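Q: This is the structure I have questions about; it appears just below.
The values are calculated or read from the model by the stated rules, or taken from the named source; none is laboratory data. Keep in mind that this is a model prediction, so the values were computed, not measured. Here Cβ is always computed from backbone atoms with ideal geometry, including for glycine, and neighbour counts include all displayed protein chains.
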Amino acid sequence: MSNLDNKEQEFAKRLGDLTKHARRQGGTVTEEEIRDCFEELELSDAQYELIYDYLKKHNIGIGEVIDASAYLTKEEAGYLENYLEELELLEKVSDGEKEALIISAMAGETDAQKRLVEQSLLMVTDVAKLYAEQGVLIEDLIGEGNIALMKAVSNLSSLEDHKECEAYLAQRVMDAMESLIEDDAAETARAQKAVVLVQKVADKAKELADELRRSCTVEELAEETGWEVSKILEAIKACGNQIEDIDYKPEKE
């Protein structure tokens, strides 16, 4: 691997780490933190401007907190408004009462754990807003965060100090949302790759069918293009056997 490739990989890793760091501190990062993160890569001012643009497009404020609600679609904003109205109906507790809830939840009391989950639902929505505009709907982020919250509350006995609780819960919620976003991005990439493959196979199949003046077989297309039969079959399967210039009948199971 060339030095250029290594530098590009290191740049991508640092940018990802910086983005996660910013979200963990409320969706903001300082210019000094940005410079410190990339100092060893000796970037130009133009490259730093690209980093600033990237962060802003990903809902990260530089030296200030961005209003995450501005990144929501009309439908997402409506969902969030209704959801927050529902949360308003939940009984509120004082700081002292919440501290007692945490201690009881850490001791394994299920009623306390249930109430602590309820008292932490608003935190989940705040975290979800930090991840808006990342390809996943806010209702899905909230749903994933709530599941992570319930799991985390049931594992509070692992903490040594009740003062660690809120940070621990927020961290578990963030981890779950980041994982959901990464999985969604990977699935999108796979789907895009499949679309490209189908189009490529369909184009070649049409060329060959025009030459033969009939639909071609998988084997004929493989011989003509030098592609593996498995690659062609993958494309056929991806589009539900809708490549009309290939004469193929799937085997019955």
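Matching residues to (1) over 30 Å from the mean Cα position of the chain (by Cα); (2) at pLDDT below 95; (3) not charged (D, E, K, R):
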| residue | (1), (2), (3) |
| --- | --- |
| Tyr79 | no, yes, yes |
| Glu88 | no, yes, no |
| Val93 | yes, yes, yes |
| Lys98 | yes, yes, no |
| Gln134 | no, yes, yes |
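Q: Restricting attention to region 216-253, which residues are buried (at least 17 other Cβ atoms within 10 Å of the Cβ), in contact with a strand residue (DSSP E or B) (Cβ under 9 Å, 6 or more places away or on another chain) and outside any helix (DSSP H, G or I)?
A: Those that are buried (at least 17 other Cβ atoms within 10 Å of the Cβ), in contact with a strand residue (DSSP E or B) (Cβ under 9 Å, 6 or more places away or on another chain) and outside any helix (DSSP H, G or I): Cys216, Asp245, Ile246.
Q: Part of a loop (DSSP other than H, G, I, E, B) and either at positive phi or at pLDDT below 90 (or both): is that true of Val65 in this structure?
A: yes
Q: Could you pull out the residue among Ile138, Ile102 that is among the hydrophobic types (A, V, I, L, M, F, W, C), surrounded by 12 or more Cβ atoms within 10 Å (Cβ to Cβ), under 24 Å from the mean Cα position of the chain (by Cα) and not assigned by TED's automatic domain parsing to the domain that holds Glu31? Before the answer, list the steps.
A: Working: Ile102 fails: under 24 Å from the mean Cα position of the chain (by Cα).
Going through Ile138, Ile102 in turn, just one is among the hydrophobic types (A, V, I, L, M, F, W, C), surrounded by 12 or more Cβ atoms within 10 Å (Cβ to Cβ), under 24 Å from the mean Cα position of the chain (by Cα) and not assigned by TED's automatic domain parsing to the domain that holds Glu31: Ile138.
Q: Then there's this: Which pairs do you get when a residue that is closer than 20 Å to Tyr168 by Cβ, found in region 85-107, comes within reach of a residue that is in a loop (DSSP other than H, G, I, E, B), reach meaning Cβ atoms under 7 angstrom, with the pair 6+ apart or on two chains?
A: So the pair list comes out as Leu101/Val93; Met106/Leu159.
Q: Here's a follow-up. Quick check on region 45-95: of everything there that is surrounded by 11 or more Cβ atoms within 10 Å (Cβ to Cβ) and among the hydroxyl-bearing types (Ser, Thr, Tyr), which residue is nearest to Arg35 (Cα to Cα)?
A: Filtering first and then ranking leaves Tyr48.
Q: Any residue at all in region 128-140 that is β-branched (Val, Ile, Thr), under 22 Å from Ile60 (Cα atoms) and in contact with a helix residue (DSSP H, G or I) (Cβ under 6 Å, 6 or more places away or on another chain)?
A: yes
Q: Also, I was wondering about something else. Would you mind finding the one in Ile51, Ile60, Ile66 that is over 16 Å from Ala128 (Cβ atoms) and of a type in the set (A, V, I, L, M)?
A: The match here is Ile51.
Q: Please work out which one of (1) under 26 Å from the mean Cα position of the chain (by Cα); (2) in a helix (DSSP H, G or I) is the condition Asp203 fails and give its number.
A: Of everything listed in (1) under 26 Å from the mean Cα position of the chain (by Cα); (2) in a helix (DSSP H, G or I), Asp203 misses just condition (1).
Q: Further question on the same structure: For Lys92, only one of the following conditions fails: (1) within 22 Å of Asp140 (Cβ to Cβ); (2) in the same structural domain as Asp140 (by TED's automatic domain parsing). What is its number?
A: The number of the failed condition is (1).
Q: If you don't mind, another one. Please go through region 119-145 and give me each residue that is in a helix (DSSP H, G or I), without any contact (Cβ under 8 Å) to a residue 60 or more places away in the chain and over 17 Å from Gln171 (Cα atoms), ordered by number.
A: Asp140
Q: While we're on this one: Which ones in region 180-211 are surrounded by fewer than 13 Cβ atoms within 10 Å (Cβ to Cβ) and either at pLDDT 90 or above or touching a Lys or Arg at 6+ places or on another chain (Cβ under 6 Å) (or both)?
A: Those that are surrounded by fewer than 13 Cβ atoms within 10 Å (Cβ to Cβ) and either at pLDDT 90 or above or touching a Lys or Arg at 6+ places or on another chain (Cβ under 6 Å) (or both): Asp203, Asp210, Glu211.
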